[in-house]
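Structure, as structure tokens:
Just so it is clear, none of the values below were taken in a lab; they were calculated from the coordinates. What you see is a predicted model, and the numbers here were worked out from it, not measured in a lab. Virtual Cβ from ideal backbone geometry, glycine too; neighbours counted across all protein chains shown.
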Amino acid sequence: MIIRKANAGDVPALVELYHSHLTYYPPKEAPDLDLWRAIVERFESSDSMYLLIAEEDGAAVSTVQMAIIENLTHGVSPFAVIENVVTHPDYRQRGFASALLKRATEIAREHHCYKLFLETGSNRESTLNFYRRNGFEIDSKHSCLKRL
């Protein structure tokens, strides 16, 4: 398994993962591939935005998106947010998402983040237990959503 930042060449695999296998809230519209490439290129060159990929046999099989956010409290320590934990069904239960979450945690520590939180649209106990096994607390703080 290789863990790395996504690059523009990964866009077709990302489209496949997000449109076919994003369990909750999959994109409904056909992707604008040029826009996706531009966004992935920004992630690739950023020190504060990460789109991590787990690659197996040359294929992108799992992703995690993370942003490091500067902060004026907690001694001006930043915090990090994870979204879009997606794994191709053929590769689930094999440690790919756990490895990505571990790498995201390492990156957050390298940035001296005081906390790392993860957003999920799932209420399934199996999904929540997966996050617990990876060191995340469920319901320790409320996340309030306003759709725009």
If a/c stays under 1.5 just call it rounded; otherwise compare a/b with b/c (prolate if a/b is bigger, oblate if not). Do that for the chain, with a ≥ b ≥ c from the square roots of the Cα gyration tensor eigenvalues. rounded
For the range 2-133, size of Cβ-based charge dipole, Lys and Arg +1, Asp and Glu -1, in debye: 580 debye
Tell me, which longest segment in the chain has none of the trypsin sites (Lys or Arg not before Pro) that fall in DSSP loops with at most 13 further Cβ atoms within 10 Å? 29-123
Gain in length, Ser143 to Asp32, computed as 0.36 nm per residue apart minus the alpha-carbon separation, to one decimal in nm? 37.0 nm
What spacing in nm lies between the two simple spin-label points modelled at Met49 and Glu106, each 7 Å away from Cα in the Cβ direction? 2.4 nm
For the chain, the helices passing both cut-offs (Cα extent along own axis of 15 Å or more, Kyte-Doolittle mean at least -0.5, full DSSP H runs) are 33-45, 96-110
For the range 58-148, give me the percentage of DSSP beta bridges that are antiparallel, rounded to the nearest 5 percent. 65 percent
